[in-house]
Amino acid sequence: MTSATTSRARGHALPFARDPLTHVELTHIETRVENWIRFGHEAQEQILDRRRRIFSFRPGSVFAFVRWAANDFGTIASRIDILRAVASGEPCQTVPFVRPGAEILLRVAGWPKVEQVLRHIDTVEEAGIDACTVAPDHWRHVGNRLNAGEQPRPYTMARHRAWLRRREIRP
């Protein structure tokens with residue numbers, strides 16, 4: 001048992017729990033692995049080497065994390081996750097390359113569905129809406145509809161204004 005595991009077993013926070021940021025490791029190895037952020041406002045960036053860097057997000061930040069991998073025979077994995085960075089001590093789900101984890105708003109796998117999500121994001125941005133400020137429920141809706149084989153409803157400016165007003169009156 002490692003000290004981190006022992007600490008967790010005793011109910012103590014893990015060493016990185018004091019860090020308020022959510023860290024996402026991005027890797028780019030030509031024709032093999034490509035992890036990138038499609039949208040999001042990073043708080044800081046750390047370059048590790050030519051192929052790897054870490055983007056860090058403040059609690060509450062929403063971002064899209066795309067992962068793609070291939071081998072000699074073609075694509076073996078493609079996935080997009082739209083995530084909300086959480087505050088220290090807030091419950092979260094684990095996601096590969098994301099520390100300590102995040103709230104998953106949308107999770108889609110398979111290139112045809114990933115491509116649909118990317119087009120949906122493009123449509124939102126073409127309407128003049130920052131994808132980071134879209135209602136979290138809409139991203140859940142998009143993921144659920146695509147995973148059920150259905151088309152998601154468009155995110156309109158009227159829907160966005162309603163979300164912003166609702167957010168203003170919440171305590």
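Quick notes on this structure:
Here's the yes/no breakdown for (1) in contact with a Ser or Thr (Cβ under 7 Å, 6 or more places away or on another chain); (2) in a loop (DSSP other than H, G, I, E, B); (3) surrounded by 13 or more Cβ atoms within 10 Å (Cβ to Cβ):
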{"position": "P91", "(1), (2), (3)": "no, yes, no"}
{"position": "P112", "(1), (2), (3)": "no, no, no"}
{"position": "G128", "(1), (2), (3)": "no, yes, no"}
{"position": "P152", "(1), (2), (3)": "no, yes, yes"}
{"position": "Y155", "(1), (2), (3)": "no, yes, yes"}
{"position": "R159", "(1), (2), (3)": "no, no, yes"}
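- Here R107 does not fit the description of being out of contact with any Phe, Trp or Tyr (no Cβ under 9 Å at 6 or more places or on another chain), free of Cβ contacts under 8 Å to residues at least 12 places away in the same chain, surrounded by 11 or more Cβ atoms within 10 Å (Cβ to Cβ) and among the basic types (K, R).
- Scanning the range 2-47 for residues that are on the phi > 0 side of the Ramachandran plot and at pLDDT below 95 yields G11, T31.
- Within the range 84-104, residues that are in contact (Cβ under 8 Å) with a residue 12 or more places away in the chain have Cβ atoms under 8 Å from residues that are surrounded by fewer than 18 Cβ atoms within 10 Å (Cβ to Cβ) and hydrophobic (A, V, I, L, M, F, W, C) in these pairs: S88/A13; S88/A17; G89/A13; G89/A17; R99/F16; P100/L14; P100/F16; P100/A17, counting only partners at least 6 apart in sequence or on another chain.
- For the range 21-38, the set of residues classified as open to solvent by 70 Å² or more (accessible area, probe 1.4 Å) and not in a strand (DSSP E or B) consists of E30, T31, R32, listed by residue number.
- Residue that is nearest to V62 (Cα to Cα), among those in the range 132-145 that are surrounded by fewer than 21 Cβ atoms within 10 Å (Cβ to Cβ) and of a type outside the set (V, I, T): C132
The values are calculated or read from the model by the stated rules, or taken from the named source; none is laboratory data. Note that the structure is predicted; figures quoted are calculated from it, not measured. With ideal geometry, Cβ positions are generated from the backbone for all residues, glycine too; neighbour counts draw on all protein chains shown. For the accessible areas, the whole protein counts, side chains as well, though only heavy atoms, and no ligand, DNA or RNA atoms are used. Shrake-Rupley method; radii C 1.70, N 1.55, O 1.52, S 1.80 Å.
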